[in-house]
């Protein structure tokens with residue numbers, strides 16, 4: 001069962017890297033977050049460990065419900081729909097993503113760490129979204145995908161205490177909200193969220 | 001239980017900021033809370049003199065001489081910046097530049113910023129330290145875009161994206177680092193002091209990957225080149241007191257966290273060579289900063305590049321190793337903190353008087369704002385490492401370590417680049433101070449020397465002089481102990 005969700009994560013990551021419609025990016029993110037919730041919940045069921053129950057509930061509340069809600073709201077407010085001219089076009093994004101997933105699988109093959117492959121892939125796709133897109137909103141989604149990757153890293157590498165786990169999630173949410181506010185301010189000041197206009201500061 | 005005092009002070013002051021209406025009173029409370037933090041740190045310093053190191057709450061918080069240096073820097077710089085804010089913010093509110101609501105936000109974020117920096121310095125648990133370091137990013141993002149202009153929004157966006165990305169990479173590094181200890185179930189594995197004690201049993205290959213990730217990730221926050229691109233933008237757009245805090249305290253603090261990880265590694269003899277990261281990135285920062293400073297056009301960007309240069313020197317010192325190199329780096333970080341605070345606050349005064357950040361439009365300072373001119377000359381001499389000041393001795397010690405290591409060539413390049421930096425400062429500042437351009441010289445009315453903030457400048461200068469002369473025996477003891485902690 002876990003393998004199924006891991007596969008969904010990988011496929012959604014590949015699809016997201018080339019998609020230009022911001023709404024689809026949000027759905028991709030939500031699907032990934034749901035898969036992470038499912039994985040931690042399954043782990044909780046099989047180990048009967050309180051720790052994983054808490055993680056899965058936090059993921060559900062924060063990443064599957066709260067973040068997509070705010071994202072859809074800001075998309076409606078800012079009226080960003082499609083990424084018109086991304087830095088990396090779909091072909092190159094797909095190619096780079098697939099190469100990097102292959103590399104990640106090769107590197108992590110012998111490590112024996114549970115979800116390391118998916119974690120690395122998510123981080124790379126997130127980074128590609130950050131670099132390859134011009135709209136501030138898509139860049140923020142890229143950042144959120146990296147955050148999902150981090151969550152998988154955490155799940156597979158170590159067990160942290162509740163308080164710390166909670167603090168990390170809260171911090172991610174605050175960061176996300178601050179980014180959303182700054183994007184709103186940018187949209188108000190520049191009349192666009194295209195980050196090409198954010199290049200005035202240099203010598 | 002001094003840790004609780006920090007929280008108590010922050011909570012009380014935030015409550016007052018919300019409840020009190022008068023902006024001036026708010027700024028006084030901000031100063032009072034900074035004084036409170038400083039007093040707690042002095043008490044901690046006294047305890048450390050007796051016990052060597054203190055830990056609170058079964059080792060969740062741990063303070064030794066290395067963290068004490070950071071605490072000194074943070075609380076002193078925050079005090080100076082909060083005193084500067086009194087005039088700065090009240091003037092902005094009275095002139096109608098910002099609303100009183102925004103002033104409240106400023107003071108609240110200011111105290112969150114200070115307390116998060118304090119907690120980075122005292123955390124023993126690396127993940128909680130990471131959380132507080134991220135909290136500094138969150139609290140300063142709004143402070144950078146404080147005036148709401150297009151430029152400041154651009155700077156804030158770059159800052160948010162780059163620093164959060166850097167710190168995310170850092171978190172992956174930290175997770176791998178913890179994983180390298182093997183499947184230890186206890187909560188101890190998250191603690192510095194425990195990891196130092198079991199450093200022999202760590203998985204060397206994983207530690208290598210982890211430390212590289214941590215260095216790159218947190219190096220972004222420390223402003224090391226080539227991850228520095230957010231820094232000149234961010235530091236030049238933030239209000240002057242916040243620039244001072246970010247340059248003086250925050251960069252040092254990110255470096256401190258990297259050094260903490262290095263203290264674990266320096267116990268593993270097979271990984272001692274990882275020090276080369278400090279040298280390579282330090283040298284690169286020095287090169288980038290020195291040549292950017294020559295062609296800088298904006299006074300605050302000039303100072304921001306100078307911060308990159310100084311972090312580069314500190315990093316090179318750690319890379320050289322030996323007692324001298326690390327001692328020099330730690331001393332340099334203290335002096336740099338106060339000198340950069342001084343310079344950024346003067347830059348704030350200049351911007352208030354001349355209404356521009358553009359270097360070519362600032363001129364005739366000695367005729368118009370003589371007091372600030374004297375301070376800026378002294379500040380330049382300190383930051384470039386002129387003899388009577390401690391920055392000369394810190395750089396001398398670093399170079400001394402360099403010439404006795406295998407990196408003599410790096411030491412030679414460092415000397416050359418510090419000369420370039422001195423030249424850049426000299427050419428910009430002599431023109432600003434002594435040259436008189438009739439066309440762009442503002443009339444007397446717009447320059448208000450008497451109203452500029454001079455007291456905080458005096459305070460930072462006094463700190464530099466005290467650190468250079470009077471404190472040496474006391475400072476020396478702490479620095480020596482801290483150096484031995486880093487050397488392992």
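The values are calculated or read from the model by the stated rules, or taken from the named source; none is laboratory data. These numbers were taken from a predicted model, which means no experiment stands behind them. Note that each Cβ is placed from the backbone with ideal geometry, even for glycine, and that neighbours are counted across all protein chains shown.
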Report summary line: Within segment B:143-152, residues surrounded by fewer than 23 Cβ atoms within 10 Å (Cβ to Cβ) and either without any contact (Cβ under 8 Å) to a residue 60 or more places away in the chain or facing chain A (nearest Cβ under 10 Å) (or both) come out as B:148, B:149, B:150, B:151
Requested in this report: Could you figure out which of (1) farther than 30 Å from residue B:205 by Cβ; (2) more than 19 Å from the chain's Cα centre (by Cα); (3) modelled with pLDDT of 85 or more isn't true of residue A:106?
Outcome: (1)
Report task. Return the total of residues in segment A:97-116 being crowded, with 19+ Cβ neighbours inside 10 Å and in contact (Cβ under 8 Å) with a residue 60 or more places away in the chain. Result -> 3
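So for segment A:136-146 (the condition being free of Cβ contacts under 8 Å to residues at least 40 places away in the same chain and either more than 10 Å from chain B (Cβ to nearest Cβ) or outside any helix (DSSP H, G or I) (or both)), does at least one residue qualify?
Residues of segment A:136-146 free of Cβ contacts under 8 Å to residues at least 40 places away in the same chain: A:142-143, A:146.
Among the residues that remain, those that are also either more than 10 Å from chain B (Cβ to nearest Cβ) or outside any helix (DSSP H, G or I) (or both) are: none.
So far as segment A:136-146 goes, no, none of its residues is free of Cβ contacts under 8 Å to residues at least 40 places away in the same chain and either more than 10 Å from chain B (Cβ to nearest Cβ) or outside any helix (DSSP H, G or I) (or both).
Which residue is nearest to the other protein chains (Cβ to nearest Cβ), if the candidates are limited to segment B:153-199 and must be out of contact with any helix residue (DSSP H, G or I) (no Cβ under 8 Å at 6 or more places or on another chain) and assigned to a helix (DSSP H, G or I)? Please lay out each step first, then the result.
Of the residues in segment B:153-199, the ones out of contact with any helix residue (DSSP H, G or I) (no Cβ under 8 Å at 6 or more places or on another chain) are B:183-187, B:193, B:197-198.
Then drop every residue that is not assigned to a helix (DSSP H, G or I), which leaves B:187, B:193, B:197.
Numbers: B:187: 6, B:193: 18, B:197: 19 Å.
The extreme case among them is B:187.
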Query raised in the report: Which condition number in (1) at pLDDT 90 or above; (2) away from every other protein chain (no Cβ under 11 Å); (3) under 16 Å from residue B:161 (Cβ atoms) is the one that residue A:122 fails?
Result: (3)
Report summary line: Counting only helices (runs of 4 or more DSSP H) entirely within segment A:1-90, those with at least 1 residues that are more than 23 Å from residue A:155 (Cβ to Cβ) are A:2-18, A:22-47, A:67-78
Query raised in the report: Of the residues that sit in segment A:156-170 and are buried (at least 20 other Cβ atoms within 10 Å of the Cβ) and in a helix (DSSP H, G or I), which one is farthest from the other protein chains (Cβ to nearest Cβ)?
Result: A:168
Report summary line: If you go through B:313, B:308, the only one that is within 14 Å of another protein chain (Cβ to nearest Cβ) and either in contact with a helix residue (DSSP H, G or I) (Cβ under 8 Å, 6 or more places away or on another chain) or assigned to a helix (DSSP H, G or I) (or both) is B:308
Report task. For residues that are assigned to a loop (DSSP other than H, G, I, E, B) and out of contact with any strand residue (DSSP E or B) (no Cβ under 8 Å at 6 or more places or on another chain), scanning just segment B:43-63, find the one that is nearest to residue B:194 (Cα to Cα). Result -> B:58
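Name the residue, out of B:73, B:122, B:118, that is touching a strand residue (DSSP E or B) at 6+ places or on another chain (Cβ under 8 Å) and within 23 Å of residue B:336 (Cβ to Cβ).
Numbers: B:73 fails: touching a strand residue (DSSP E or B) at 6+ places or on another chain (Cβ under 8 Å); B:118 fails: touching a strand residue (DSSP E or B) at 6+ places or on another chain (Cβ under 8 Å).
Going through B:73, B:122, B:118 in turn, just one is touching a strand residue (DSSP E or B) at 6+ places or on another chain (Cβ under 8 Å) and within 23 Å of residue B:336 (Cβ to Cβ): B:122.
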